[in-house]
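Below is one structure; the comments refer to it alone.
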Amino acid sequence: MLCDNCKKRTATVHITKITNHQKTERHLCEQCARQTGEINAPFNASLSVNDFLKGLFATGFEEAQLPVEPTCARCGMSYSDFSRSGKIGCSACYKTFKQRIRPLVKRIHGTYQHTGKIPVRCGGILALKQQLQRLKEQLQRHVQREEYEEAARLRDQIHQLEKEIAGKQ
Amino acid sequence: MSIEKLLDDPLNFWLGGGGPQGDIALSSRIRLARNLDGIPFPNQARAAELAQVVEQIRKSVSSLSSVDGHSYLFIMLEQLSPLERAVLVEKHIISPLHAQYPKDRALLIRDDAGVSIMINEEDHLRIQCLMPGLDLTAAHALADRIDDCLEAKHDFAFDEHLGYLTACPTNLGTGLRASVMLHLPALVLTQQIGRLVNSATQLGMAVRGLYGEGTEAVGNVFQVSNQLTLGASEEEIIGNLYSVVSQIIDQERTARQLLLENSRDALIDRVWRSYGVLRYAYSISGNEALAMLSEVRLGIDLNIITDTKPEIFNELLVRTRPNFLQKMAGQRDLDEASRDRLRAQIIRDKLQGGK
């Protein structure tokens, strides 16, 4: 349905007025409804990602009821602070509130296993572990396709890599 | 390059036209979110800690030059006037959030604006690389090198499972947001854009109009980007986006051909009417200008208008924005009516000069 006023945009505001037993109906788009003063709801108060996250942080929330709420030792943020700001305070928060943040991350991304880039210096043996995981997946594929020569080669590579990782741990 | 040139030049190299599929894909952007380990994220950091981040990154300016041979400019946002910051926002170099709280916020920018690093925005570092046309791979390769260069000197907050740690959990993992700016007038004219936005969303992509509020995309310029950052590798994220964007571009091309075949006269009439208004209007609003510029660009792409360069569209996208006009006028308060007159004058001059 098009807006009664501008006849261009879709009508999303439907107003029914009853004055002296006389019923009138108007169908307006947001813009015209605002201009004609029919509505003054804050349409531009956009809901940001953080606003949604505040809600997500708050679901299943119990610590607020505790007499002393645990806080992050580094930045001083508590979990209920997240549900107010929608943002995490520092990298240590992710460890402090690990148990609470994990399910939240899973709800946002559908997973909590990073498979992308690993920084060279602070990544440590992570890059090797990631490579190991990739080789194992490849091995599975070769076994399924009954390509045993290739699989054997990968198996040796995997052993080698596992030794290397064990040596560094 | 000076900050003045950065502000006054309407076109950065990535918006100058060209690049792969440059007639529809205006530019490609890669953004990486990174934080220094041991310092609270900007939303929780004290002023001294924010200043510490700025100082640490300032030291890396010279090593960045060795990555790509370009020179880099380091700017404290507080040194700029609110209007100058607003111009940088209009040019998509910094974000509104970054411009809003300038204290202890900085910008590190390459001489051609192809790389910009926002310091202390939502995260300590937001590395952005831009390329003209559809060229996500090149933009990512560059961002990756810059990331490596910075990581060689600074410890980034990183977790084995969550990847790069960010202030907002929606950026965890790769911290990568890839986006392409697309001009899609034919998909809008043939009313296919709504369906397309829905399907792209189902594939994990976000589509939004670059100008205009809410669902209305003024100027038919859309930005398509990945929504999720954790669980897939950088190459997978970029590959998925590339595939979706390529299909959108194909559909736009098909829609353009259909318009030419089925409503040739109506289309040609529409394009020239828009050209006529832009060429002779004495006063024009920002939204009207964007809408008509989009149709003129479509006319140029389809060889309906042959004596005007396509890059004029890209340039006028920037030149006709309110803060850019205000900056050019050099006056304190350009009221809306004078701004609309100035805008019309700039477009008139440009179209006459484009011959």
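Against the criterion of being outside any loop (DSSP other than H, G, I, E, B), loosely packed, with under 15 Cβ neighbours inside 10 Å and either in contact with an Asp or Glu (Cβ under 6 Å, 6 or more places away or on another chain) or small (Gly, Ala, Ser) (or both), B:Ala291 does not qualify. Among the residues of this structure, B:Asp68 does not count as one that is at pLDDT below 95 and more than 22 Å from the chain's Cα centre (by Cα). B:Asp112 fulfils the conditions (1) surrounded by 23 or more Cβ atoms within 10 Å (Cβ to Cβ); (2) over 21 Å from B:Pro42 (Cα atoms) except for a single criterion, (1).
Among the conditions (1) buried (at least 18 other Cβ atoms within 10 Å of the Cβ); (2) without any contact (Cβ under 8 Å) to a residue 24 or more places away in the chain; (3) not charged (D, E, K, R), B:Val296 misses just one, which is (2). Inclusion of B:Ala47 among residues that are of a type in the set (A, V, I, L, M, F, W, C), surrounded by fewer than 15 Cβ atoms within 10 Å (Cβ to Cβ) and either within 13 Å of chain A (Cβ to nearest Cβ) or out of contact with any helix residue (DSSP H, G or I) (no Cβ under 7 Å at 6 or more places or on another chain) (or both) is warranted. Residues that are more than 7 Å from chain A (Cβ to nearest Cβ), more than 19 Å from A:Lys54 (Cβ to Cβ) and touching a Gly at 6+ places or on another chain (Cβ under 9 Å) within the range B:149-175 comprise B:Tyr164, B:Gly175, listed in sequence order.
If you scan the range B:115-157, which residues turn out to be surrounded by 20 or more Cβ atoms within 10 Å (Cβ to Cβ), among the aliphatic types (A, V, I, L, M) and assigned to a helix (DSSP H, G or I)? Hits for the range B:115-157 are B:Leu136, B:Ala139, B:Leu142, B:Ala143, B:Ile146, B:Leu150.
Would you confirm whether any residue within the range B:221-240 is within 14 Å of chain A (Cβ to nearest Cβ), within 18 Å of the chain's Cα centre (by Cα) and more than 20 Å from B:Cys168 (Cβ to Cβ)? Talk me through it step by step, then tell me what you get.
Let us first name the residues in the range B:221-240 that are within 14 Å of chain A (Cβ to nearest Cβ), namely B:225-240.
Checking which are within 18 Å of the chain's Cα centre (by Cα) leaves us with B:225-227, B:238.
When the remaining residues are screened for being more than 20 Å from B:Cys168 (Cβ to Cβ), the result is B:238.
Yes: one or more hits.
One residue alone among A:Arg107, A:Arg102, A:Arg84 is in contact (Cβ under 8 Å) with a residue 12 or more places away in the chain, more than 7 Å from chain B (Cβ to nearest Cβ), closer than 18 Å to B:Gly173 by Cβ and not aliphatic (A, V, I, L, M), and that residue is A:Arg107.
With respect to (1) among the aliphatic types (A, V, I, L, M); (2) without any contact (Cβ under 8 Å) to a residue 60 or more places away in the chain; (3) more than 7 Å from chain A (Cβ to nearest Cβ), the lone exception for B:Ile127 is condition (2). Here B:Ala217 clears all of (1) modelled with pLDDT of 95 or more; (2) more than 30 Å from B:Glu55 (Cβ to Cβ); (3) within 14 Å of chain A (Cβ to nearest Cβ) except the condition numbered (1).
Does the range B:4-18 contain any residue that is touching a residue at least 24 places away in the same chain (Cβ under 8 Å), closer than 23 Å to B:Leu176 by Cβ and part of a loop (DSSP other than H, G, I, E, B)? Scanning the range B:4-18, I find at least one residue that is touching a residue at least 24 places away in the same chain (Cβ under 8 Å), closer than 23 Å to B:Leu176 by Cβ and part of a loop (DSSP other than H, G, I, E, B), so the answer is yes.
Test B:Ala178 against the stated conditions and say whether it is away from chain A (no Cβ under 14 Å), of a type outside the set (S, T, N, Q) and in contact (Cβ under 8 Å) with a residue 60 or more places away in the chain. Taking the combined requirement at face value, the residue does not satisfy it.
Counted as qualifying within the range A:68-169 are the helices (runs of 4 or more DSSP H) with 2 or more residues that are more than 20 Å from the chain's Cα centre (by Cα) and not aromatic (Phe, Trp, Tyr), namely A:120-123, A:126-144, A:148-168.
The values are calculated or read from the model by the stated rules, or taken from the named source; none is laboratory data. Because the structure is predicted, anything quoted here is derived from the model rather than measured. Every residue, glycine among them, receives a Cβ derived from its backbone with ideal geometry; neighbour counts consider all protein chains shown.
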